[in-house]
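Structure record follows, encoded as structure tokens.
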Amino acid sequence: MLRLFQPIFLLLVIAGVSACATQTVKSTTFTPIDADQSGIVEEELLDIGIGIFQPGLDDIPSNREELTFSDVRMAETYFASYNLAAALQTSGNWGVVRVVPGDLSSSDLAITGTILQSDGETMRMQVNVKDATGATWIDKEYEEVVSKYSYDPRMRRSEDAFQGLFNKIANDLLEYKQRNIEREEILNIRTVSQIQFARDFAPQVFDDYLEEGRNGRLEIKRLPAENDPILARIENIRERDYLYVDSLQDYYSNFVRQMDGPYTEFRRMSYDEVMKMDRLAADSRRNMIMGVAAILGGIAATQSNNAAAYYSSPIILASGGWLIKDAFNKGDERQMHIEALAELGNSLEMEIAPRTIELEERTITLSGSVEAQYEQWRELLADIYANEIGEAPSSDL
Amino acid sequence: MPTISDSSSSSNGDSSSSSQSSEQQDGSQDSNSSSNGGQQSSPQVSGTQGQSPGDTGESGDAGNSGEQNSGTQAGSQNNGQQGSGQQTAGASNNGGFESNGSANGSSSAGNQGNGDDPFGDLSAGRGQVMTASERRAALDARLNEGFAEFDGMILGERERVQAEADEAGSDVMSNGGAGAGSGDGEPGGPLIVASAPSGSTGGGVMPAGNANREGDFSNTSPQETFETPDDIPSGNDDDVVARQLREAAMREPDPELRERLWDEYRAYTGLGQ
């Protein structure tokens, strides 16, 4: 019987010990951002719209739910979107990079993303990039694990601890463009986005300028004249739209600036707590496994004909019991860290949630005003067009 | 746009729809004249229209074709837009338009704000027939009015946000990222202030990086400035919002928009009171 349990016992011990031996190499250095050395002419610069990232609250693993605070995660969506915009803008490889709360269809490139994990130690996010024609450039999960020294004030630079993750995305985007996108395609993308914008304001004019191809991508069916008066008016509107979006960047800039200090401090403390919790969880799991194995081994030893094994069985059983008790103790200790982390998170939530709500309300208010104005312009453009082609205006007179 | 297409949406209907427009004028006239009383505020766009029998005392307005009459047209249109909920524009935006006569605001707001009657207040009170080009000019004038108001709203909002940022302090911003070459980022200030209408002064901070990207930041280049009206003081004691409005007005090439911006400035600084 003992012979039967001995291999199992050994395997369990090895498994437990090997789990302890797993190491992750972390670093305070991060991926630098690449710049296109070829020199991009202005007409080949693609503007980028970044949607506010999704918080990913529905996709949190059950063992991470207690480490995730919804209000903090909501604030992180702005933080991450804005920092990605900063990385892309700083690279100089693109045109204007903006965080856009709504429709991205008239952007040359549209970036959307979901935060999958963010706990101070690890940030994971799913990122999708499409161009105006609908072609997917990137659909990939990114992960960055940082060292605790990333939060050390003596080591910390002006960049975010997870700057490397944003830089990786920016670098991948540049690499994709350099490898796959020719100049003609860039111009095509820009034209499509321009027509998309025009179509949004004057669908009766521009609806049939684009069509969906067999591959699901938008293709240019016809082009407006360079001196198209309706298009000229829409270009005026688009300049206003840029100005409006720039105003939103001011909102986001202020928000990120305000949350940066407390949020970074939270992540620093969260990092410590998460590390301790993970270590305790691993220790608890290992001790539980070893304790159970020891008890099974001890029970087996009591049945042994071998005197040494027989007389050592109480020690083995006691050891197993101690290991299981220690596993429970570590579980309790872990729970204390969870509560400490919850206190930290709640404290940050209380500070950050009102700002997030204010930001959302402001955005909605400004967007509502702008959209009301846009709607009036759409009606005016429709009337202008009706007047141009000699039709009666759509409105009742 | 890289190429020219076979189609243009423009200008093939200038000579048409006179009968339609006649009906339109009649319909709109009724509603506006009844609600506006003396029709003092109705934008009078057509310079060639005859007087309708029911109109009173409007013969002097015949020269307004295609022009923005800031004292009348603004009253109807902008009140209509305010009705759409642009209260965030702040005091600087509202003041300039409210002074144009509140008595007619509600009636024309219904037309403009709801989009029910796009030409109603253009020909209100006359029963006159507008030509297609006159209509186009009137609609363009409305569009330009909207631009001016929009610019004022956005500029005011940006100034407000900037002022708040200044109050909150600007020493904790870390927006740079690992800049290629520079590496230090660009602390402080709005990150992305790239594009602005030609008449605005939204600022332009060119991020570190590719120096060829001048097209996105051309709004910082020197622009022609226009003379200030006689009633505008030196502006030495202007606050940031007033200064923005002043600069926007001085750089606005379109005289109509420029005048609207000056109206905004007057309203904001209290000159009109």
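The values are calculated or read from the model by the stated rules, or taken from the named source; none is laboratory data. All of these numbers come straight from a predicted model, not from anything done at the bench. Because the Cβ atoms are built from the backbone with ideal geometry, glycine has one as well, and the counts that use them run over all protein chains shown. All accessible areas refer to the heavy atoms of the entire protein, side chains included, with ligands and DNA or RNA removed. Shrake-Rupley method; radii C 1.70, N 1.55, O 1.52, S 1.80 Å.
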Practice prompt. Would you mind giving the mean number of other chain beta-carbons within 10 Å of the Cβ of each residue in A:256-263, as a whole number?
Written response: 4
Item to complete: Kindly express, to the nearest 10 degrees and within the range 0 to 90, the angle between helix A:229-302's C-alpha long axis and the longest C-alpha principal axis of chain A.
Response: 10 degrees
Discussion item. Among A:115-126, A:285-296, how do they line up by average Cβ neighbours within 10 Å per residue, starting with the highest?
Written reply: A:115-126, A:285-296
Worksheet entry | All aspartates and glutamates inside 13 Å of A:Lys325 as judged from Cα atoms, apart from same-chain residues fewer than 8 positions distant | A:Asp283, A:Glu333
Discussion item. Relative contact order of chain A, please, whole-number percent, based on alpha carbon pairs below 8 angstrom and at least 6 residues apart.
Written reply: 20 percent
Discussion item. Could you compute how much accessible area chains B and A hide from each other, both sides summed, with a 1.4 Å probe? Nearest 100 Å² is fine.
Written reply: 7200 Å²
Response to the item:
Longest principal axis of chain A (C-alpha) makes with the long axis of helix A:307-388 (C-alpha) an angle, in degrees to the nearest 10, of 10 degrees
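Rank by packing, highest mean first: peptides B:226-235, A:162-171, B:153-162, with packing defined as the count of other Cβ atoms within 10 Å averaged across residues.
Final packing ranking: A:162-171, B:153-162, B:226-235.
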Worksheet item: When Cβ neighbours within 10 Å are restricted to other protein chains, what is their mean count per residue of peptide B:139-145?
Response: 5
Worksheet item: What full-extension length gain, to one decimal in nm, is calculated for B:Asp239 and B:Thr225 as 0.36 nm per residue of separation minus the Cα-Cα distance?
Response: 3.0 nm
Worksheet entry | Degrees between helix A:2-21 axis and first principal axis of chain A (Cα, 0 to 90, nearest 10) | 40 degrees
Discussion item. Which one, A:Leu223, A:Ser247, A:Tyr209, is farthest towards the positive end of the dipole of region A:185-290 when Lys and Arg carry +1 and Asp and Glu -1 on their Cβ?
Written reply: A:Ser247
Item to complete: Take peptide A:159-169, look around each residue's Cβ out to 10 angstrom, count Cβ atoms belonging to other protein chains, and average those counts.
Response: 2
Item to complete: Just the number, please: carbon plus sulfur as a percent of the accessible area of region A:146-220, 1.4 Å probe, no ligands or DNA/RNA counted.
Response: 41 percent
